[in-house]
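Participant: Please read through the structure below; I'll follow up with questions.
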Amino acid sequence: MKRKIHLIIILALQMAWPAMAQDTLTVMQYNLLYYGNTSTCDEYDNNTQHKDECIRVILDEVKPNILTVCEFGATQSLQNDFLRHNLNINGANYWQSDNIINYANSSIINHIFFDSRKMGLKKHVALRTHPRDTDVYELYMRTPSLAVGDTIKLVCIVAHTKAGKEWESSRRAQMQMAMDYVNQHYSTENVLIMGDFNMYGASESGYRLLTQTYSNPYARFMDPVANHGGVGEWNNNILFAQFHTQSTHSTSSECFVDGGLDDRFDFILMSDEIAFSYNHLRYVNNSYNAVGNDGHHFNMSVDQGYNSSVPAAVAEALFDASDHLPVTMKIAVDAKLGVDEAEEAVLQAFVAPNPATDMTQVSFFNPSDGEVSFEVYSLQGQRVSRATNHYNSGSQQFELDLHDLPNGFYLLRMSHSDGWKQTLKMVKN
(Lines give C-alpha, C1' and ligand atoms only; values in the text may rest on other atoms or scores of the structure.)
Protein backbone atom coordinates (compact mmCIF):
# COMPACT_ATOMS: atom_id res chain seq x y z
CA MET A 1 0.00 0.00 0.00
CA LYS A 2 1.66 3.21 -1.22
CA ARG A 3 0.05 5.95 0.83
CA LYS A 4 0.45 6.96 4.45
CA ILE A 5 -2.20 5.49 6.70
CA HIS A 6 -3.57 7.67 9.45
CA LEU A 7 -4.65 6.30 12.78
CA ILE A 8 -8.43 6.40 13.14
CA ILE A 9 -10.11 4.35 15.82
CA ILE A 10 -12.94 2.43 14.22
CA LEU A 11 -16.14 3.39 15.97
CA ALA A 12 -17.89 0.13 15.31
CA LEU A 13 -15.13 -1.77 17.05
CA GLN A 14 -15.01 0.62 19.97
CA MET A 15 -18.70 -0.03 20.62
CA ALA A 16 -17.91 -3.68 21.16
CA TRP A 17 -15.41 -2.84 23.90
CA PRO A 18 -16.67 -3.53 27.44
CA ALA A 19 -18.00 -0.46 29.21
CA MET A 20 -15.62 -0.90 32.13
CA ALA A 21 -11.91 -1.59 31.69
CA GLN A 22 -10.16 -3.51 34.41
CA ASP A 23 -6.97 -1.52 34.35
CA THR A 24 -5.01 1.12 32.49
CA LEU A 25 -1.27 0.85 31.90
CA THR A 26 0.99 3.87 31.49
CA VAL A 27 3.92 3.14 29.18
CA MET A 28 6.99 5.39 29.15
CA GLN A 29 10.01 5.40 26.82
CA TYR A 30 13.05 7.51 27.75
CA ASN A 31 16.55 8.00 26.37
CA LEU A 32 18.57 8.44 29.57
CA LEU A 33 21.69 9.92 27.89
CA TYR A 34 24.61 7.65 28.78
CA TYR A 35 23.15 6.63 32.11
CA GLY A 36 26.00 5.34 34.28
CA ASN A 37 28.38 5.30 31.32
CA THR A 38 31.50 7.47 31.44
CA SER A 39 33.01 6.70 28.03
CA THR A 40 31.39 9.80 26.50
CA CYS A 41 30.04 11.78 29.46
CA ASP A 42 32.06 11.62 32.66
CA GLU A 43 30.64 11.81 36.18
CA TYR A 44 31.26 15.54 36.24
CA ASP A 45 29.32 16.17 33.01
CA ASN A 46 26.57 13.61 33.62
CA ASN A 47 26.57 12.74 37.28
CA THR A 48 24.56 9.59 37.98
CA GLN A 49 23.52 10.62 41.48
CA HIS A 50 22.13 13.94 40.25
CA LYS A 51 20.55 12.20 37.26
CA ASP A 52 18.76 9.83 39.67
CA GLU A 53 17.37 12.79 41.59
CA CYS A 54 15.92 14.16 38.35
CA ILE A 55 14.59 10.79 37.20
CA ARG A 56 12.71 10.34 40.47
CA VAL A 57 10.98 13.69 39.95
CA ILE A 58 10.00 12.73 36.39
CA LEU A 59 8.80 9.25 37.37
CA ASP A 60 6.70 10.69 40.16
CA GLU A 61 5.06 12.99 37.61
CA VAL A 62 4.36 10.25 35.02
CA LYS A 63 3.83 7.23 37.30
CA PRO A 64 4.53 4.61 34.61
CA ASN A 65 3.82 0.89 34.85
CA ILE A 66 6.23 0.03 32.04
CA LEU A 67 9.47 1.95 31.59
CA THR A 68 11.68 1.26 28.60
CA VAL A 69 14.98 3.10 28.25
CA CYS A 70 17.83 3.69 25.81
CA GLU A 71 21.43 4.65 26.53
CA PHE A 72 21.59 2.62 29.72
CA GLY A 73 25.05 1.55 30.92
CA ALA A 74 25.62 -2.12 30.11
CA THR A 75 26.21 -3.57 33.58
CA GLN A 76 23.97 -5.71 35.76
CA SER A 77 24.95 -3.79 38.88
CA LEU A 78 23.73 -0.55 37.30
CA GLN A 79 20.35 -2.13 36.64
CA ASN A 80 20.12 -3.21 40.28
CA ASP A 81 21.09 0.28 41.43
CA PHE A 82 18.47 1.87 39.18
CA LEU A 83 15.76 -0.34 40.66
CA ARG A 84 16.90 0.39 44.20
CA HIS A 85 17.38 4.15 43.83
CA ASN A 86 14.56 5.15 41.49
CA LEU A 87 11.76 2.57 41.43
CA ASN A 88 11.63 0.37 44.50
CA ILE A 89 11.52 3.32 46.88
CA ASN A 90 9.09 4.76 49.42
CA GLY A 91 7.75 1.32 50.29
CA ALA A 92 7.48 0.02 46.72
CA ASN A 93 9.01 -3.41 46.13
CA TYR A 94 7.25 -4.58 42.98
CA TRP A 95 9.42 -3.17 40.18
CA GLN A 96 11.35 -5.80 38.28
CA SER A 97 13.61 -6.05 35.26
CA ASP A 98 15.50 -8.75 33.37
CA ASN A 99 19.07 -9.83 32.86
CA ILE A 100 21.05 -7.86 30.32
CA ILE A 101 21.64 -9.30 26.84
CA ASN A 102 24.34 -7.51 24.87
CA TYR A 103 25.39 -9.39 21.73
CA ALA A 104 26.69 -6.15 20.18
CA ASN A 105 28.99 -5.59 23.17
CA SER A 106 27.85 -1.98 23.26
CA SER A 107 28.67 0.32 26.18
CA ILE A 108 25.02 1.47 26.19
CA ILE A 109 21.96 -0.74 25.80
CA ASN A 110 18.16 -0.76 25.86
CA HIS A 111 16.38 -1.97 28.95
CA ILE A 112 12.94 -2.47 30.51
CA PHE A 113 11.49 -2.07 34.00
CA PHE A 114 7.93 -3.11 34.82
CA ASP A 115 5.40 -3.17 37.65
CA SER A 116 5.19 -6.87 38.59
CA ARG A 117 1.79 -6.37 40.26
CA LYS A 118 0.30 -5.80 36.82
CA MET A 119 2.46 -7.93 34.52
CA GLY A 120 5.18 -10.52 34.27
CA LEU A 121 7.97 -11.09 31.79
CA LYS A 122 7.70 -14.31 29.81
CA LYS A 123 10.55 -13.88 27.35
CA HIS A 124 13.39 -11.54 26.41
CA VAL A 125 15.02 -11.88 22.99
CA ALA A 126 17.77 -9.63 21.63
CA LEU A 127 17.96 -9.21 17.86
CA ARG A 128 21.51 -8.86 16.59
CA THR A 129 21.21 -5.46 14.94
CA HIS A 130 23.77 -2.74 14.34
CA PRO A 131 25.04 -0.69 16.13
CA ARG A 132 23.12 -1.99 19.16
CA ASP A 133 20.88 -4.96 19.81
CA THR A 134 17.13 -4.49 19.40
CA ASP A 135 15.39 -5.95 22.45
CA VAL A 136 12.08 -7.81 22.38
CA TYR A 137 10.24 -8.21 25.70
CA GLU A 138 7.14 -10.42 25.84
CA LEU A 139 5.02 -9.41 28.81
CA TYR A 140 1.79 -10.95 30.07
CA MET A 141 -0.92 -9.29 32.11
CA ARG A 142 -1.69 -10.46 35.65
CA THR A 143 -5.46 -10.16 35.20
CA PRO A 144 -7.75 -11.72 37.85
CA SER A 145 -10.48 -12.43 35.27
CA LEU A 146 -8.20 -14.70 33.26
CA ALA A 147 -9.05 -18.37 32.98
CA VAL A 148 -6.36 -20.85 34.02
CA GLY A 149 -3.66 -20.87 31.36
CA ASP A 150 -5.12 -17.80 29.66
CA THR A 151 -3.30 -14.51 29.26
CA ILE A 152 -3.05 -11.16 27.52
CA LYS A 153 0.28 -10.55 25.80
CA LEU A 154 1.97 -7.21 25.35
CA VAL A 155 5.21 -7.26 23.38
CA CYS A 156 7.57 -4.29 23.78
CA ILE A 157 10.32 -3.90 21.18
CA VAL A 158 12.98 -1.35 22.13
CA ALA A 159 15.33 0.00 19.45
CA HIS A 160 18.02 2.66 19.35
CA THR A 161 19.21 3.42 15.84
CA LYS A 162 22.25 5.31 14.60
CA ALA A 163 21.99 9.10 14.51
CA GLY A 164 22.73 11.25 11.47
CA LYS A 165 20.94 11.73 8.17
CA GLU A 166 23.66 9.77 6.37
CA TRP A 167 22.68 6.64 8.36
CA GLU A 168 19.11 6.36 7.05
CA SER A 169 19.79 3.02 5.35
CA SER A 170 21.22 1.65 8.59
CA ARG A 171 18.09 2.69 10.46
CA ARG A 172 15.90 1.02 7.87
CA ALA A 173 17.92 -2.20 8.06
CA GLN A 174 17.48 -2.28 11.83
CA MET A 175 13.73 -1.74 11.52
CA GLN A 176 13.53 -4.41 8.83
CA MET A 177 14.94 -6.99 11.24
CA ALA A 178 12.38 -5.96 13.86
CA MET A 179 9.52 -6.17 11.34
CA ASP A 180 10.68 -9.56 10.11
CA TYR A 181 10.64 -10.82 13.70
CA VAL A 182 7.15 -9.41 14.30
CA ASN A 183 5.86 -10.98 11.09
CA GLN A 184 7.28 -14.34 12.11
CA HIS A 185 6.27 -14.39 15.78
CA TYR A 186 3.74 -11.67 16.65
CA SER A 187 1.73 -10.75 13.55
CA THR A 188 -1.59 -10.99 15.43
CA GLU A 189 -0.40 -9.86 18.87
CA ASN A 190 -0.41 -6.60 20.82
CA VAL A 191 2.97 -5.04 20.03
CA LEU A 192 4.64 -1.72 20.81
CA ILE A 193 7.85 -0.64 19.12
CA MET A 194 9.60 2.19 20.91
CA GLY A 195 12.90 3.90 21.41
CA ASP A 196 15.16 6.57 20.02
CA PHE A 197 14.75 6.07 16.26
CA ASN A 198 16.74 9.16 15.18
CA MET A 199 14.39 9.66 12.22
CA TYR A 200 14.11 13.10 10.67
CA GLY A 201 10.69 12.78 9.09
CA ALA A 202 7.87 10.53 7.97
CA SER A 203 9.45 10.19 4.51
CA GLU A 204 12.33 8.20 5.99
CA SER A 205 12.30 4.67 4.64
CA GLY A 206 12.51 3.17 8.14
CA TYR A 207 9.41 5.03 9.31
CA ARG A 208 7.51 4.08 6.16
CA LEU A 209 8.54 0.47 6.63
CA LEU A 210 7.04 0.46 10.12
CA THR A 211 3.80 2.23 9.29
CA GLN A 212 2.83 1.03 5.80
CA THR A 213 1.68 -2.36 4.60
CA TYR A 214 3.39 -2.59 1.23
CA SER A 215 6.19 -4.81 2.49
CA ASN A 216 4.68 -6.22 5.69
CA PRO A 217 0.99 -6.92 5.06
CA TYR A 218 0.50 -8.95 8.24
CA ALA A 219 2.16 -6.56 10.68
CA ARG A 220 2.04 -2.79 10.77
CA PHE A 221 2.56 -0.11 13.36
CA MET A 222 0.46 2.98 13.81
CA ASP A 223 1.57 6.37 15.06
CA PRO A 224 -0.68 7.65 17.89
CA VAL A 225 -0.29 11.26 16.74
CA ALA A 226 -1.04 10.60 13.07
CA ASN A 227 -4.50 12.16 13.14
CA HIS A 228 -3.32 15.02 15.36
CA GLY A 229 -0.90 16.51 12.85
CA GLY A 230 2.19 14.76 14.18
CA VAL A 231 3.27 12.94 11.02
CA GLY A 232 5.33 14.79 8.43
CA GLU A 233 8.76 16.31 7.99
CA TRP A 234 9.27 17.26 11.63
CA ASN A 235 13.01 18.04 11.59
CA ASN A 236 13.49 21.68 12.63
CA ASN A 237 9.89 22.41 11.60
CA ILE A 238 7.84 24.65 13.87
CA LEU A 239 4.63 23.07 12.56
CA PHE A 240 5.54 19.98 14.62
CA ALA A 241 6.68 21.89 17.71
CA GLN A 242 4.32 20.06 20.08
CA PHE A 243 5.74 16.66 19.08
CA HIS A 244 9.50 17.32 19.32
CA THR A 245 11.52 15.36 21.87
CA GLN A 246 15.09 16.60 21.34
CA SER A 247 16.86 18.67 22.56
CA THR A 248 16.07 19.85 26.05
CA HIS A 249 19.02 22.32 25.80
CA SER A 250 19.21 25.34 23.51
CA THR A 251 22.91 25.97 24.06
CA SER A 252 25.93 23.71 24.31
CA SER A 253 26.11 22.20 27.77
CA GLU A 254 28.73 19.57 28.58
CA CYS A 255 27.76 16.34 26.80
CA PHE A 256 24.16 17.37 26.03
CA VAL A 257 23.12 18.05 22.44
CA ASP A 258 22.09 21.67 21.97
CA GLY A 259 19.69 23.49 19.64
CA GLY A 260 16.51 23.32 21.68
CA LEU A 261 13.40 21.28 20.91
CA ASP A 262 13.36 20.78 17.15
CA ASP A 263 13.41 17.03 16.38
CA ARG A 264 11.04 14.13 16.92
CA PHE A 265 13.41 11.24 17.59
CA ASP A 266 11.60 9.34 20.36
CA PHE A 267 8.61 7.13 19.62
CA ILE A 268 6.08 4.62 20.86
CA LEU A 269 4.27 3.07 17.89
CA MET A 270 1.51 0.48 18.30
CA SER A 271 0.26 -2.50 16.33
CA ASP A 272 -3.20 -2.24 14.85
CA GLU A 273 -4.39 -4.80 17.43
CA ILE A 274 -3.93 -2.11 20.08
CA ALA A 275 -5.11 0.78 17.90
CA PHE A 276 -8.35 -0.94 16.93
CA SER A 277 -8.92 -2.60 20.32
CA TYR A 278 -9.77 -6.08 19.09
CA ASN A 279 -7.15 -8.07 20.99
CA HIS A 280 -8.08 -7.11 24.59
CA LEU A 281 -5.81 -4.06 24.85
CA ARG A 282 -6.63 -0.65 23.44
CA TYR A 283 -4.91 2.67 23.08
CA VAL A 284 -6.53 5.35 25.22
CA ASN A 285 -7.32 8.06 22.71
CA ASN A 286 -5.30 11.30 23.04
CA SER A 287 -3.09 9.83 25.77
CA TYR A 288 0.19 10.02 23.83
CA ASN A 289 2.46 12.71 25.25
CA ALA A 290 5.97 14.08 24.94
CA VAL A 291 6.46 14.90 28.62
CA GLY A 292 7.38 18.54 29.13
CA ASN A 293 6.58 19.70 25.60
CA ASP A 294 3.88 22.37 25.73
CA GLY A 295 4.26 23.27 22.05
CA HIS A 296 5.79 26.65 22.89
CA HIS A 297 9.48 25.78 23.23
CA PHE A 298 10.57 25.38 19.63
CA ASN A 299 14.37 25.84 19.49
CA MET A 300 14.27 26.58 23.21
CA SER A 301 15.36 24.78 26.36
CA VAL A 302 12.53 22.87 28.00
CA ASP A 303 12.84 24.90 31.23
CA GLN A 304 13.15 28.29 29.55
CA GLY A 305 10.49 30.68 30.81
CA TYR A 306 7.09 29.21 31.66
CA ASN A 307 6.29 25.63 30.68
CA SER A 308 2.54 25.09 30.78
CA SER A 309 2.66 21.28 30.47
CA VAL A 310 4.56 20.38 33.66
CA PRO A 311 5.48 22.00 36.99
CA ALA A 312 8.69 24.02 37.04
CA ALA A 313 10.49 21.35 39.08
CA VAL A 314 9.69 18.73 36.44
CA ALA A 315 10.85 21.01 33.61
CA GLU A 316 14.12 21.55 35.45
CA ALA A 317 14.50 17.80 36.01
CA LEU A 318 13.90 17.13 32.31
CA PHE A 319 16.55 19.73 31.46
CA ASP A 320 19.14 18.18 33.77
CA ALA A 321 18.44 14.46 33.23
CA SER A 322 18.83 14.07 29.47
CA ASP A 323 18.79 15.85 26.12
CA HIS A 324 15.65 13.85 25.20
CA LEU A 325 12.10 14.12 26.50
CA PRO A 326 10.33 10.91 27.51
CA VAL A 327 7.23 9.88 25.58
CA THR A 328 4.24 8.18 27.21
CA MET A 329 0.93 6.58 26.30
CA LYS A 330 -1.89 4.78 28.09
CA ILE A 331 -3.31 1.36 27.26
CA ALA A 332 -6.59 0.06 28.68
CA VAL A 333 -6.96 -3.65 29.51
CA ASP A 334 -10.16 -5.55 28.69
CA ALA A 335 -11.79 -6.72 31.94
CA LYS A 336 -13.70 -9.54 30.25
CA LEU A 337 -10.82 -11.28 28.56
CA GLY A 338 -11.52 -14.82 29.75
CA VAL A 339 -15.05 -14.84 28.34
CA ASP A 340 -14.37 -12.89 25.15
CA GLU A 341 -11.30 -14.85 24.16
CA ALA A 342 -13.03 -18.19 24.60
CA GLU A 343 -15.98 -17.02 22.53
CA GLU A 344 -13.92 -15.52 19.74
CA ALA A 345 -11.65 -18.54 19.43
CA VAL A 346 -14.60 -20.85 18.62
CA LEU A 347 -15.04 -19.53 15.07
CA GLN A 348 -11.43 -20.40 14.15
CA ALA A 349 -11.60 -18.15 11.09
CA PHE A 350 -8.92 -17.10 8.63
CA VAL A 351 -8.76 -15.28 5.29
CA ALA A 352 -6.81 -16.55 2.28
CA PRO A 353 -5.36 -15.29 0.08
CA ASN A 354 -4.33 -12.30 2.16
CA PRO A 355 -3.25 -9.92 0.67
CA ALA A 356 -5.85 -10.46 -2.06
CA THR A 357 -6.76 -8.80 -5.35
CA ASP A 358 -10.36 -9.27 -6.49
CA MET A 359 -11.62 -12.19 -4.41
CA THR A 360 -10.67 -13.88 -1.16
CA GLN A 361 -12.12 -16.71 0.88
CA VAL A 362 -13.08 -16.73 4.55
CA SER A 363 -12.77 -20.20 6.08
CA PHE A 364 -14.20 -20.80 9.54
CA PHE A 365 -15.55 -23.42 11.90
CA ASN A 366 -19.17 -22.74 12.76
CA PRO A 367 -19.91 -23.94 16.33
CA SER A 368 -23.69 -24.18 15.83
CA ASP A 369 -26.43 -23.67 13.26
CA GLY A 370 -27.22 -19.99 12.80
CA GLU A 371 -26.61 -16.77 10.91
CA VAL A 372 -23.09 -15.42 10.42
CA SER A 373 -22.54 -11.79 9.41
CA PHE A 374 -19.48 -10.55 7.52
CA GLU A 375 -18.82 -6.81 7.78
CA VAL A 376 -15.83 -5.10 6.15
CA TYR A 377 -14.66 -1.76 7.57
CA SER A 378 -12.26 0.80 6.11
CA LEU A 379 -9.73 2.67 8.24
CA GLN A 380 -12.16 5.58 8.34
CA GLY A 381 -14.61 3.42 10.28
CA GLN A 382 -16.95 3.18 7.29
CA ARG A 383 -18.64 -0.15 6.67
CA VAL A 384 -17.95 -0.84 3.01
CA SER A 385 -19.69 -4.20 2.69
CA ARG A 386 -21.99 -6.49 4.64
CA ALA A 387 -23.41 -9.95 4.07
CA THR A 388 -25.34 -12.38 6.27
CA ASN A 389 -25.79 -16.07 5.54
CA HIS A 390 -27.23 -19.05 7.38
CA TYR A 391 -24.76 -21.87 8.04
CA ASN A 392 -24.99 -25.32 9.52
CA SER A 393 -22.46 -26.29 12.17
CA GLY A 394 -19.03 -27.44 11.04
CA SER A 395 -16.37 -26.20 8.62
CA GLN A 396 -17.69 -23.47 6.31
CA GLN A 397 -16.48 -21.01 3.69
CA PHE A 398 -17.56 -17.61 2.43
CA GLU A 399 -16.41 -15.95 -0.82
CA LEU A 400 -15.67 -12.26 -0.24
CA ASP A 401 -15.82 -10.00 -3.30
CA LEU A 402 -13.22 -7.18 -3.24
CA HIS A 403 -13.69 -5.86 -6.79
CA ASP A 404 -15.16 -2.53 -5.76
CA LEU A 405 -12.77 -1.79 -2.88
CA PRO A 406 -9.71 0.47 -3.27
CA ASN A 407 -6.34 -1.03 -2.43
CA GLY A 408 -5.60 -0.78 1.26
CA PHE A 409 -6.03 -2.14 4.73
CA TYR A 410 -9.40 -3.41 6.04
CA LEU A 411 -10.91 -5.16 9.02
CA LEU A 412 -13.36 -8.03 8.60
CA ARG A 413 -15.74 -8.30 11.55
CA MET A 414 -17.55 -11.64 11.83
CA SER A 415 -20.41 -12.25 14.23
CA HIS A 416 -22.63 -15.26 14.91
CA SER A 417 -26.29 -15.07 15.94
CA ASP A 418 -25.34 -16.94 19.14
CA GLY A 419 -22.83 -14.26 20.15
CA TRP A 420 -19.47 -15.50 18.87
CA LYS A 421 -17.30 -12.84 17.25
CA GLN A 422 -13.98 -12.48 15.53
CA THR A 423 -12.09 -9.67 13.80
CA LEU A 424 -9.53 -10.37 11.07
CA LYS A 425 -7.02 -8.12 9.34
CA MET A 426 -7.22 -8.03 5.56
CA VAL A 427 -5.21 -6.29 2.81
CA LYS A 428 -6.26 -5.68 -0.78
CA ASN A 429 -3.43 -5.09 -3.27
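The values are calculated or read from the model by the stated rules, or taken from the named source; none is laboratory data. Worth saying up front: this structure is predicted, and the values here are computed from it rather than measured. Note that each Cβ is placed from the backbone with ideal geometry, even for glycine, and that neighbours are counted across all protein chains shown.
Participant: Tell me which residues, restricted to segment 219-236, are farther than 30 Å from residue 354 by Cα and in contact with a strand residue (DSSP E or B) (Cβ under 9 Å, 6 or more places away or on another chain).
Facilitator: Passing the criteria: 234, 235, 236.
Participant: Further question: Cβ-Cβ under 9 Å, sequence separation 6+ or interchain: first residue in segment 56-68 and within 21 Å of residue 156 (Cβ to Cβ), partner among the aromatic types (Phe, Trp, Tyr) and surrounded by fewer than 22 Cβ atoms within 10 Å (Cβ to Cβ). Which pairs?
Facilitator: 67/95
Participant: Would you pick out the residues in segment 270-316 that are of a type in the set (Val, Ile, Thr), more than 14 Å from residue 192 (Cα to Cα) and crowded, with 24+ Cβ neighbours inside 10 Å?
Facilitator: Within segment 270-316, just 302 meets the criteria.
Participant: Let me ask you something else. For residue 189, which of the numbered conditions (1) within 26 Å of residue 257 (Cβ to Cβ); (2) among the acidic types (Asp, Glu); (3) in a loop (DSSP other than H, G, I, E, B) fails to hold?
Facilitator: (1)
Participant: Return yes or no: is residue 105 surrounded by fewer than 16 Cβ atoms within 10 Å (Cβ to Cβ) and out of contact with any His (no Cβ under 7 Å at 6 or more places or on another chain)?
Facilitator: Spelling it out, residue 105 is indeed surrounded by fewer than 16 Cβ atoms within 10 Å (Cβ to Cβ) and out of contact with any His (no Cβ under 7 Å at 6 or more places or on another chain).
Participant: Turning to a different aspect of this structure: Suppose we keep only residues that are aliphatic (A, V, I, L, M) and within 27 Å of residue 369 (Cα to Cα) within segment 403-417. Which one would you say is modelled with the lowest pLDDT?
Facilitator: 411
Participant: Further question: Which of the following residues is buried (at least 19 other Cβ atoms within 10 Å of the Cβ), under 22 Å from the mean Cα position of the chain (by Cα), of a type in the set (D, E, K, R) and assigned to a loop (DSSP other than H, G, I, E, B): 132, 117?
Facilitator: The match here is 132.
Participant: Something else about it: Could you check segment 245-268 and list, in sequence order, the residues that are touching an Asp or Glu at 6+ places or on another chain (Cβ under 6 Å) and in contact (Cβ under 8 Å) with a residue 40 or more places away in the chain?
Facilitator: Answer for segment 245-268, where residues must be touching an Asp or Glu at 6+ places or on another chain (Cβ under 6 Å) and in contact (Cβ under 8 Å) with a residue 40 or more places away in the chain: 245, 246, 247, 248, 249, 251, 254, 255, 256, 257, 265, 266.
Participant: Still on this structure: With (1) touching a helix residue (DSSP H, G or I) at 6+ places or on another chain (Cβ under 9 Å); (2) not in a strand (DSSP E or B); (3) not polar (S, T, N, Q) as the list, and residue 30 as the residue in question, which single condition is left unmet?
Facilitator: (2)
Participant: Do you know which residues across segment 240-264 are surrounded by fewer than 24 Cβ atoms within 10 Å (Cβ to Cβ), of a type outside the set (Gly, Ala, Ser) and in a loop (DSSP other than H, G, I, E, B)?
Facilitator: 249, 251, 254, 255, 257, 258, 262
Participant: If I ask for residues that are assigned to a strand (DSSP E or B), among the hydrophobic types (A, V, I, L, M, F, W, C) and without any contact (Cβ under 8 Å) to a residue 40 or more places away in the chain, which ones from segment 368-408 would you list?
Facilitator: 384, 387, 398
Participant: Determine if segment 156-171 includes at least one residue that is in contact with a Leu (Cβ under 8 Å, 6 or more places away or on another chain), assigned to a helix (DSSP H, G or I) and either at pLDDT below 95 or over 30 Å from residue 259 (Cα atoms) (or both).
Facilitator: No, segment 156-171 contains no residue that is in contact with a Leu (Cβ under 8 Å, 6 or more places away or on another chain), assigned to a helix (DSSP H, G or I) and either at pLDDT below 95 or over 30 Å from residue 259 (Cα atoms) (or both).
Participant: Next question. If residue 73 meets every condition in (1) of a type outside the set (A, V, I, L, M); (2) free of Cβ contacts under 8 Å to residues at least 60 places away in the same chain; (3) surrounded by fewer than 19 Cβ atoms within 10 Å (Cβ to Cβ) apart from one, which number is that one?
Facilitator: (3)
Participant: Tell me, please, whether a residue that is under 26 Å from residue 62 (Cβ atoms) and part of a helix (DSSP H, G or I) can be found in segment 98-109.
Facilitator: No.
Participant: Does residue 220 count as touching a Lys or Arg at 6+ places or on another chain (Cβ under 9 Å), under 19 Å from residue 136 (Cα atoms) and of a type in the set (Lys, Arg)?
Facilitator: Judged against the criteria, residue 220 is a match.
Participant: Within segment 54-71, can one find any residue that is modelled with pLDDT under 95 and among the polar types (S, T, N, Q)?
Facilitator: For segment 54-71, residues modelled with pLDDT under 95 and among the polar types (S, T, N, Q): absent.
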